[in-house]
1. Given the conditions (1) open to solvent by less than 50 Å² (accessible area, probe 1.4 Å); (2) closer than 15 Å to residue 42 by Cα; (3) free of Cβ contacts under 8 Å to residues at least 12 places away in the same chain, which single one is not true for residue 84?
2. Identify, please: which residue in region 106-121 is part of a helix (DSSP H, G or I) and more than 15 Å from the chain's Cα centre (by Cα) and is, among those, farthest from residue 63 (Cα to Cα)?
3. May I ask you to verify whether residue 102 is among the β-branched types (Val, Ile, Thr) and surrounded by 13 or more Cβ atoms within 10 Å (Cβ to Cβ)?
4. With respect to residue 54, determine if the residue is aliphatic (A, V, I, L, M), modelled with pLDDT under 80 and not in a helix (DSSP H, G or I).
5. Hey, residue 112 hits all of (1) modelled with pLDDT of 85 or more; (2) open to solvent by 90 Å² or more (accessible area, probe 1.4 Å); (3) charged (D, E, K, R) but one; which does it fall short on?
Amino acid sequence: MTHPASHAIHMPWLFDHRHDQLLTGPGPSAAYDLTAAPTRHLPGFLAPTPLSPLTALGDELDEVRRTPAHVVRRDLAGVFGGELPVSLTRLVRAPHQEMETVVADLRRYWQRTLAPTWPRVRALLESDIHYRARSLTERGPAACSPTSTPT
């Protein structure tokens, strides 16, 4: 939402959600500021490694909720440095209490914006994994480089 030109493939989705206040404001929110970092990287605790390919959203959000306080602070410092948005100061001071709000916002974000299209996105991702696995076995590691795309 904050850098649409760098993700032109997602323009139809961005267009559909451009006025959704959950994503665009109306005022400072921790969830928005966490995902709109100036470095375009998420704090690591927001995207934990899934425990399995079948992990459900609730399981992943529970993992985010259980992030140790020192990890929250380290990840925020790594992304924002000394430029921490005001909306995140409470998350730094009291990570465990504020994480409930962040997780609730992430759940709402998922339900309103991603859940309706997730089956199509997941099918596309699984197809890409199958394509790259087949390319790896047939043509070797160079065929699976980030610049390699399906023909």
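The values are calculated or read from the model by the stated rules, or taken from the named source; none is laboratory data. As the structure is a computational prediction, the values presented were derived from the model and not from experiment. FYI the Cβ positions are ideal-geometry reconstructions off the backbone, even for glycines, and counts take in every protein chain you see. The area values use the complete protein model at the heavy-atom level, side chains included, leaving out ligands, DNA and RNA. Shrake-Rupley method; radii C 1.70, N 1.55, O 1.52, S 1.80 Å.
1. Condition (1) is where residue 84 drops out.
2. In this case the residue turns out to be 120.
3. Details: among the β-branched types (Val, Ile, Thr): yes; surrounded by 13 or more Cβ atoms within 10 Å (Cβ to Cβ): yes.
Here the answer is yes, as residue 102 does meet what is asked.
4. yes
5. The number of the failed condition is (1).
To keep it simple, each residue is scored yes or no on (1) of a type in the set (Lys, Arg); (2) touching a residue at least 60 places away in the same chain (Cβ under 8 Å); (3) within 14 Å of residue 46 (Cα to Cα).
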{"residue": "74", "(1), (2), (3)": "yes, no, yes"}
{"residue": "94", "(1), (2), (3)": "no, no, no"}
{"residue": "98", "(1), (2), (3)": "no, yes, yes"}
{"residue": "111", "(1), (2), (3)": "no, no, no"}
{"residue": "114", "(1), (2), (3)": "no, no, no"}
{"residue": "122", "(1), (2), (3)": "yes, no, no"}
{"residue": "125", "(1), (2), (3)": "no, no, no"}
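Here is a yes/no grid of residues against (1) more than 15 Å from the chain's Cα centre (by Cα); (2) assigned to a helix (DSSP H, G or I); (3) polar (S, T, N, Q); (4) more than 28 Å from residue 13 (Cα to Cα):
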{"residue": "50", "(1), (2), (3), (4)": "no, no, no, no"}
{"residue": "63", "(1), (2), (3), (4)": "no, yes, no, no"}
{"residue": "77", "(1), (2), (3), (4)": "yes, yes, no, yes"}
{"residue": "104", "(1), (2), (3), (4)": "no, yes, no, no"}
